[in-house]
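Quick notes on the structure that follows.
Every number here is computed from the coordinates shown, using simple stated rules; none is lab data. Since the structure is predicted, the reported quantities are computational estimates derived from the model, not experimental observations. Positions of Cβ are generated from backbone atoms using ideal geometry, with glycine treated the same way; all protein chains shown enter the neighbour counts.
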Amino acid sequence: HEVRNVLAGLHGATATLRRYEDRLDPGVRHRLEDAISAELSRLQYLVDPPKKRPCEAVAVKDALEPLLVAERELGSLIRADLHRASALGCAADIATIVSALLVNARVHAPGAPILVRSRSAGSTVQVVVEDGGPGIPSHLHESVFARGERGVATAPGSGLGLYNARQLAEQMGGSLTLGPRPLGGASFVLSLPAAQSPTR
């Protein structure tokens, strides 16, 4: 499931590089190349995971920016507000969780704007993914994380994305929940232990 998501992002980024070749602004080309490199590393991690997942200080902004570049190439309308906060966890797993949330928004709120932001909250670092779609009814706020649950029976997918994302969050000592809905759609909150005092 996660491998398919990474491959989709890689396809979008490489297609843009091929399509526009030398017409790309050097800065844009550099960001796309960095995104491809980072996503290839994450793909390797997913295909051949280490026996023991690394738990270290992760700069959330650095972990997520390549993913957001790749997702934008798939047509997602993403705005980011990422602080330079460090969380305790695994960079590849953090990116995989946020990737699942972005795919969820793309499936259930196609064309809707998405806001990805990070913030410090006491002893935790939070990553919030909000979309402007129809939202999730309050009575489904827990069941959407169940294995095989797709929310809408006719929606594409295996129903594993949010389940796997929550499992990864909990393995890092964190949590994944649904929060307030400032954009009117779904708002997922990933909370992880802070590795150090966050700085802007």
Filtering strands (runs of 3 or more DSSP E) wholly in region 73-140 for at least 3 residues that are hydrophobic (A, V, I, L, M, F, W, C) and under 15 Å from the mean Cα position of the chain (by Cα) gives 77-81, 113-121, 124-131
Sole miss for Cys55 among (1) crowded, with 18+ Cβ neighbours inside 10 Å; (2) in contact (Cβ under 8 Å) with a residue 40 or more places away in the chain is condition (1)
The residue that is nearest to Ser118 (Cα to Cα), considering only those in region 18-72 that are among the aliphatic types (A, V, I, L, M) and not in a helix (DSSP H, G or I), is Ala59
Over region 14-28, the set of residues surrounded by 10 or more Cβ atoms within 10 Å (Cβ to Cβ) and either under 22 Å from the mean Cα position of the chain (by Cα) or farther than 13 Å from Val69 by Cα (or both) is Thr14, Ala15, Thr16, Tyr20, Leu24, Val28
Note: among Asp81, Asp131, just one is closer than 26 Å to Leu40 by Cα and among the charged types (D, E, K, R), namely Asp81
Picking from Asp48, Asp62, the residue that is over 15 Å from the mean Cα position of the chain (by Cα) and either surrounded by fewer than 18 Cβ atoms within 10 Å (Cβ to Cβ) or more than 23 Å from Leu160 (Cβ to Cβ) (or both) would be Asp48
